[in-house]
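We did not get these values from a lab; they are worked out from the coordinates using the rules stated. Predicted, not measured: the structure shown is a model, and the values here were computed from it. In this analysis, Cβ positions are derived from the backbone assuming ideal geometry, glycine residues included, and neighbour counts consider all displayed protein chains.
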């Protein structure tokens, strides 16, 4: 066990490799990344660090908060030449440490699409093999999850991640359905953001008692629809038209105004924004709202440039806190490329005292 294996959106391998290199350098670890464009997987080999040490590093903030990473496990070299008649025994044999859970997954690249059915069939037999070997532990709290990442019918990486720091969905992918009646698919991005950044308790508390929300660039209303489904009263800001069911909703106030110059009549609990514009302009606008106390917290998307996407995220983070000025210490700022994002990332800004651990658990 001498490396990290990270899964990401296909095409973002270089961005994840850059993130891992920077994060591990902060922890004093050197190494190198192996990537193949379009496969959605990064193998980052560390120099002179044991698997146990890498597992400890997995809990460091710099590694918890990777933007482009869906799953991150500590692994060894890829196991090859597995026996097709008894893959489970070979995979269990490559897992020397006890685990509380087993997850069999595949990289998200199109070259691995045919392995999904096999991955679903293998989890049970691997659990059985581990149980017979006495390496299937009890309660999941503070335990390890075994991550088996198939690359073919006879090859796989076998790795580990703390249960608290990995997603139980294969590949770290939350596939969500569009809410019935929603006017666009964009709402699934906001649905996933609430799952990624807030704990169930936080979601309940922040939407109790009909909170006020502003949706900048709302039309036709995908994000407004999600906010209304959670019980919020929404100021939907857009010169464009809203879907009829939202336009007729008495708890949706359609404000025909520009998203970047609008000022709310009262402070609101939530500020949301999914507009196509330069990341710098979006992040500075949202940070000004928080600095002026017009909103308590914010979720927004940033459309990334085709090149230097990791650098754009680094700039956005620095720009956010710079724009907050004297209030910078009061807020946390989490960024994640979610499954339902494309050439973009989702950001969550919250008061430091209210920010929960869900964002850290996501990747």
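How tilted is helix 279-291 with respect to the longest principal axis of the chain? Cα atoms for both, answer in degrees (0 to 90, nearest 10).
The helix 279-291 is inclined about 70 degrees to the chain.
Hey, what did region 3-172 get for relative contact order, percent, Cα under 8 Å, at least 6 apart? Show your work: numbers first, answer last.
Working: 353 pairs, mean separation 44.6, N = 170.
Taking the mean separation of contacting Cα pairs over the length of region 3-172, I get 26 percent.
Going by how many other beta carbons lie within 10 Å of each one, how would you line up 210, 127, fewest first? Mind showing how you got there, number by number?
On the way: 210 12, 127 18.
In increasing order of surrounding Cβ atoms, one gets 210, 127.
State the extension gain, in nm to one decimal, for the chain segment bounded by residue 32 and residue 241, taking 0.36 nm per residue of separation less the distance between their alpha-carbons. If you can, show how the numbers build up before the last one.
Values: separation 209, 0.36 × 209 = 75.24 nm, distance 5.04 nm.
Value of the extension gain: 70.2 nm.
Given springs between every Cα pair under 10 Å in a Gaussian network model of the chain, which of 208, 287, 328 has the largest fluctuation?
208
Looking at the chain as a GNM with Cα springs under 10 Å, which of 154, 56, 201 has the largest mean-square fluctuation?
201
Using the beta-carbon distance between residue 229 and residue 258 and R0 = 41 Å, what value does 1/(1 + (r/R0)^6) give for FRET efficiency, to the nearest 0.05?
Working: r = 26 Å, r/R0 = 0.64.
E between residue 229 and residue 258, to the nearest 0.05, is 0.95.
Among 2, 15, 248, 315, which comes first, second and so on when ranked by fewest other beta-carbon atoms within 10 Å? Let's see the in-between values first.
On the way: 2 17, 15 25, 248 9, 315 14.
Result, fewest neighbours first: 248, 315, 2, 15.
Using 1/(1 + (r/R0)^6) with R0 = 30 angstrom and r between the beta carbons of residue 111 and residue 81, what's the FRET efficiency to the nearest 0.05? Kindly include the intermediate steps, with their values, before the conclusion.
Details: r = 19 Å, r/R0 = 0.64.
Approximately 0.95, to the nearest 0.05.
How many angstrom lie between the Cα centre of region 313-351 and the Cα centre of region 1-39?
21
Extending each Cα 7 Å along its Cβ direction at residue 330 and residue 281, get the distance between those two points in nm, one decimal.
About 2.7 nm separates the two model spin labels.
Using 1/(1 + (r/R0)^6) with R0 = 30 angstrom and r between the beta carbons of residue 205 and residue 56, what's the FRET efficiency to the nearest 0.05?
Working: r = 33 Å, r/R0 = 1.08.
Once rounded, the FRET efficiency stands at 0.40.
Taking the Cβ of each residue in 353, 166 as the centre, tally the other Cβ atoms inside 10 Å and list the residues starting with the fewest. Let's see the in-between values first.
Details: 353 8, 166 23.
Fewest-to-most Cβ neighbours within 10 Å comes out as 353, 166.
What distance in nm separates the two pseudo spin-label positions at residue 121 and residue 288, each 7 Å out from Cα along the beta-carbon direction?
5.9
So, in Å, what gap is there between the alpha-carbon centers of region 99-135 and region 210-259?
43
In degrees from 0 to 90, rounded to the nearest 10, what is the angle of the helix 116-132 Cα long axis to the longest principal axis of the chain?
It is inclined by approximately 60 degrees.
If you stretched the chain out fully between residue 22 and residue 307, how much longer would it get, using 0.36 nm times the residue separation minus the C-alpha to C-alpha distance? It would help to have the intermediate numbers written out before the result.
Working: separation 285, 0.36 × 285 = 102.60 nm, distance 1.79 nm.
Contour length minus the Cα-Cα distance gives 100.8 nm.
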